[in-house]
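Visitor: Got a structure here, written out as structure tokens. Questions coming.
Please treat every number below as a calculation from the coordinates, not as lab data. Just so it is clear, the structure is predicted and the values come from calculations on it, not from any experiment. Glycine also receives a Cβ, built like all others from the backbone with ideal geometry; neighbour counts cover every protein chain displayed.
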Amino acid sequence: MKTLNDSQLVITTVQGNKESFNCLVDRYWPMAMALCLSRVSDVSEAEDIAQEGFIQAYQHLATLKDPSRFAGWLTRIIQKKCFDYYRSARKNRTVSLSVVSPKDTPVFTSNPGLTTSQIKLIREKISTLPEKYQRVIIMRFMAGLSTQEISQQLNKRYGTISVWFHRAYKILRQELTPLFVEVQSHDM
Amino acid sequence: MTCKAYQTIVNHYKEGILDQEALDDLQQHIKTCSACGAVVSEFSQMQMILEDSLHSSNTGKEKISQAITEIEIHPRTQAPFRKLLIPLARYGTAAAVFLVLGLFWGSRKAPDASSQQQALGIVVSKLQGNVLVKHPWENHWQKMSPGESIYEGDTFLSLHEAALVLSLDPNNAVTLNENSSLALLEYNGRTEFEITYGTVKATLDGPHEPFFVSTPQGRFEALGTEFIVRVR
């Protein structure tokens, strides 16, 4: 099942094979969570949004005209969910109580060198990118899609996606230069 | 900054579009070129940093697996609005056409004791986004709601990404596309549609009774059962 491409998984899901959809979830959960974490600071809220996004995608899977474009379609659903979350949060004007981590405590990740504040900084910098740049960066780095694949997913010309990617990368590189230095000095 | 010779190749590497041969070549190159080596190394670091900061546990996935066992995929249904929002160039455009759609069903009126005017036997079968209506006895626009009564003299205004389908009867419908305006006017004792601007699609059961189109240049009969008219 895991060797099937997106198109095949979408089609078999619509035909009634729910396990196919679980494969799609496995494949794109990191991308979906990355999109949410770049907009929503609370991890559990981000998980809720990602889950709702996948469930909505499942319910409306039959309306996806080109099954090979599942990933691009999913990113639009997730980004809209994040936008709806913000609108709802502003309307309700609630203040969420979050657990305050000890300052600059290393967080357990595959790179133990990243601290909580570094992770927060990175997510903030991504959230300040224009939405189209965010989508391309996250699809490239978290879903491992090439710019050619992203252009096909988003139904945009390759040249456009290439430009967006390099611009987004340049912005992030500039914004995160101090952090690169910090991480490198920590590794030494 | 990469060396000039490998600038494009390094960019393609970052984009993930190098084939294996080019990748092997780049790997060899960066062993001797510190400039390209630094760029590639920086890219790897960016990848690692982003993956780590946007990494999440997989526990949330399990809830999805559970949820989909209890819900069904919605069946594929035709989306009239999406079809309508596809570029209409293939249907042609009628520049500055003042169009009146004549329909001979007009005598069908349903009594409505709550209104001074009689509601027409037209049903709002679909409503998408913000569509406004102005009744002839009012000076203001109000947002339409599903199930709303339709009166002679009503003017409809659809906003961006909005659409309205008016069912004249089970077999005849008029669809107002986004950014368009349509009015129901009395003409020679019958109720007719008038497009002020925008795009309207008429779907008629064939063969149908005489169906007239009026323009500043004249009035002619439309014989088709489905057509779209766009007024600039």
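Visitor: Could you check the simple spin-label distance between A:Asp42 and A:Thr116, using points 7 Å along Cα→Cβ, in nm with one decimal?
Guide: Here the modelled spin labels are 1.6 nm apart.
Visitor: I've got another one for you. Please give, to one decimal in nm, the separation of the simple spin-label points placed at B:Glu51 and A:Glu182, each 7 Å out from Cα toward the Cβ.
Guide: Those two pseudo-labels are separated by 2.2 nm.
Visitor: Place a label point 7 angstrom from the Cα of A:Arg167 along the Cα-to-Cβ direction, then list the residues of segment A:122-157 whose backbone nitrogen is under 14 Å away.
Guide: Answer for this model: A:129-137, A:157.
Visitor: Just counting partner chain Cβ atoms within 10 Å, what average do the residues of peptide A:52-63 show around their Cβ?
Guide: Per residue, the number of nearby Cβ atoms from other chains is 4 on average.
Visitor: Also: Could you pull out which residues in segment B:41-64 have an amide N less than 13 Å from a spot 7 Å beyond the Cα of A:Asp26, following the Cα-Cβ vector?
Guide: B:62
Visitor: Between B:His74 and A:Lys132, what is the label-to-label distance in nm when each label sits 7 Å out along the Cα-to-Cβ direction?
Guide: 2.8 nm
Visitor: So, one more: For segment A:1-92, with the dipole built from +1 on Lys and Arg beta-carbon atoms and -1 on Asp and Glu ones, taken about the Cα centre, which of A:Ala34, A:Ile55, A:Gln79 lies farthest toward the positive end?
Guide: Among A:Ala34, A:Ile55, A:Gln79, the one farthest towards the positive end of the dipole of segment A:1-92 is A:Gln79.
Visitor: Residues of A:19-30, mean number of Cβ from any other protein chain within 10 Å of their own Cβ, rounded to a whole number?
Guide: Mean inter-chain Cβ contacts per residue within 10 Å come to 3.
Visitor: With a 10 Å Cβ neighbour count serving as the proxy for reagent exposure, in which order, fewest first, do A:Ile77, A:Ile150 appear?
Guide: A:Ile77, A:Ile150
Visitor: Holding the Cα-Cα limit at 28 Å, pick out from A:Lys65/A:Lys120; B:Lys63/B:Lys126; A:Lys80/A:Lys170; A:Lys65/B:Lys201 the pairs that are longer than that.
Guide: The answer is A:Lys65/A:Lys120; B:Lys63/B:Lys126.
Visitor: If I take R0 = 56 Å and measure r between the Cβ atoms of B:Ser44 and B:Asn139 in this structure, what FRET efficiency does the formula 1/(1 + (r/R0)^6) give, to the nearest 0.05?
Guide: 0.25
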